[in-house]
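Below is one structure; the comments refer to it alone.
Since every read-out is calculated from the coordinates, none of them should be taken as a lab result. As the structure is a computational prediction, the values presented were derived from the model and not from experiment. Cβ placement follows ideal geometry from the backbone for every residue including glycine, while neighbour counts extend to all protein chains displayed.
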Amino acid sequence: MPKDEFDLDDPMTLTGVALPGDRTEEMARCFIEEYAMMGYGREQILHFFQDPFYAATHQVWRAKGRGYVEQLIRQALKGGDADGESL
């Protein structure tokens, strides 16, 4: 089948679903951990949240703010405690 034809039975079709509840923190932690595993440092990870080009992480930034994001980064990278100090 050519790739421009739609097949309802294609098992590889991506399907997005919405889940109940607020999973913002879990999503943000996953992003942070993935970026860290790819070798990005704290400031680079913070940039992903600040930059509107990265829609999912920027949505967390806009909804929760800088302090929240910095705290998640510290906790995920185990580079500090959650007392609100700056990165």
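Within the shell defined by Cβ-Cβ distances under 14 Å, the residues around TYR40 carry a net charge of -3, with Lys and Arg each +1 and Asp and Glu each -1.
Along the chain, the longest continuous region that contains none of the trypsin sites (Lys or Arg not before Pro) in a DSSP loop with at most 13 other C-beta atoms within 10 Å is 24-77. When shorter helices are ignored and each DSSP H run of at least 4 residues is given -39500 (n - 2.57), the per-residue value for the chain at 222 nm works out to -16000 deg cm²/dmol.
Restricting the range 1-62 to GluC sites (Glu not before Pro) that sit in a DSSP loop and have at most 11 other Cβ atoms within 10 Å of their own Cβ leaves GLU5. With the charge dipole of the chain set up from +1 on Lys and Arg Cβ and -1 on Asp and Glu Cβ about the Cα centre, the Cα lying farthest toward the positive end among the listed residues ALA18, GLN59, LEU77 is that of LEU77.
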